[in-house]
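Heads up: the structure comes next, in structure tokens.
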Amino acid sequence: MHSTLIVGRMDPAFTDEVVRLFSAFDATEMPRLMGTRRRELFTYHGLYFHLQDFETEHGDRAIAAAREHPLFVEISKNLKPFINAYDPGTWRSPGDAIASRFYHWQESA
């Protein structure tokens, strides 16, 4: 399994609307098409964190491959009023908002 963490900016007053949008998106075939196993959304002092777990180690590639799908395009457009780039000067795609993992630990089976 692979995780990605997308970081952005969001006014916490918009959490209900963002939950509504993702609930509808997750009820479509998109999570399965992307290999998404789990999604969690967090907010902290105006920051937005989107943790997404994928079946394979290539979650970033799955996001990039899905960018042109109509459902992905639609949710991206619908989220724009609520979620802003962390650094608008460098943001060009969702890949520019993915945090770099520098440590990982997992309990042994």
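Multiplying the residue separation of residue 56 and residue 28 by 0.36 nm and removing their Cα-Cα distance gives an extension gain of 8.1 nm. Among the protein heavy atoms of the chain, carbon and sulfur supply 54% of the accessible surface, probe 1.4 Å, non-protein parts ignored. Distance between the modelled labels on residue 99 and residue 77, one decimal in nanometres: 3.1 nm (7 Å Cα→Cβ projection). Peptides 21-28, 98-105, ordered by how many other C-beta atoms sit within 10 Å of their residues on average, highest first, read 21-28, 98-105.
Convex hull of alpha carbon positions in the chain: directionally averaged projected area 7.6 nm².
Between the beta carbons of residue 16 and residue 38, assuming R0 = 22 Å, the FRET efficiency works out to 0.60 to the nearest 0.05.
The values are calculated or read from the model by the stated rules, or taken from the named source; none is laboratory data. Computed from a prediction, not measured in an experiment: that's the story for all the values here. Cβ: placed from backbone, ideal geometry, glycine included. Neighbour counts: every protein chain shown. Note: areas computed on protein heavy atoms with side chains; ligands, DNA, RNA excluded. Shrake-Rupley method; radii C 1.70, N 1.55, O 1.52, S 1.80 Å.
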